[in-house]
1. Filter region 1-14 for residues that are at pLDDT 95 or above, open to solvent by 50 Å² or more (accessible area, probe 1.4 Å) and assigned to a loop (DSSP other than H, G, I, E, B) and give the result.
2. Could you check, for region 58-74, whether at least one of its residues is modelled with pLDDT of 95 or more, under 11 Å from the mean Cα position of the chain (by Cα) and among the charged types (D, E, K, R)?
3. Are there any pairs with C-beta distances below 8 angstrom linking a residue in region 95-114 that is free of Cβ contacts under 8 Å to residues at least 60 places away in the same chain to a residue that is surrounded by 15 or more Cβ atoms within 10 Å (Cβ to Cβ) and not in a strand (DSSP E or B), with the two at least 6 apart or on different chains, and if so which?
4. Can we say GLN107 is at pLDDT 95 or above and touching a Lys or Arg at 6+ places or on another chain (Cβ under 7 Å)?
5. Give me the pairs: first residue in region 15-29 and on the phi < 0 side of the Ramachandran plot, second residue of a type in the set (A, V, I, L, M) and open to solvent by 50 Å² or more (accessible area, probe 1.4 Å), beta-carbon distance under 9 Å, and six or more apart or on different chains, which are they?
6. Could you check how many residues of region 45-99 are closer than 25 Å to SER115 by Cα and either of a type in the set (S, T, N, Q) or in contact with a His (Cβ under 7 Å, 6 or more places away or on another chain) (or both)?
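The values are calculated or read from the model by the stated rules, or taken from the named source; none is laboratory data. The structure displayed is predicted, hence computed values, not measured ones. We place every Cβ from the backbone using ideal geometry, glycine too, and count neighbours over all the protein chains shown. All accessible areas refer to the heavy atoms of the entire protein, side chains included, with ligands and DNA or RNA removed. Shrake-Rupley method; radii C 1.70, N 1.55, O 1.52, S 1.80 Å.
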Amino acid sequence: QVQLVESGGGLVQTGGSLRLSCAASGSIFSSDIMGWYRQAPGKQRELVAFITYSGVTNYAHSAKGRFTISRDNAKNTVYLQMNSLKPEDTAVYYCNVNRWPTSYFGQGTQVTVSS
């Protein structure tokens, strides 16, 4: 079982930056993929980025060049550095641990980008 707690969300102006953090409790295995999803009002939850234990990353097209995902395996923590934020980035951001066939999500943290 994995529990995830996100932090770092908030209100920021267009062009600003935020850094999200997610601390995982319970065992994290080297096969676990950690990532971030987001869900905007009226839209489906979508993948933002993920990172493997060894540091291989993958980004949604909307996040490429602006967001950076990183992971501290010693602390069981994953981060999402978000730069050049846009109003369309407004959403609840969820931390995720993918341990096939199970997927764990945190409670989410709100990110609001004002125009």
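1. THR14
2. yes
3. none
4. For GLN107, the condition - at pLDDT 95 or above and touching a Lys or Arg at 6+ places or on another chain (Cβ under 7 Å) - is not met.
5. SER21/VAL5; CYS22/VAL5; ALA23/VAL5; ALA24/VAL5; SER25/VAL5
6. Matching residues across region 45-99 total 6.
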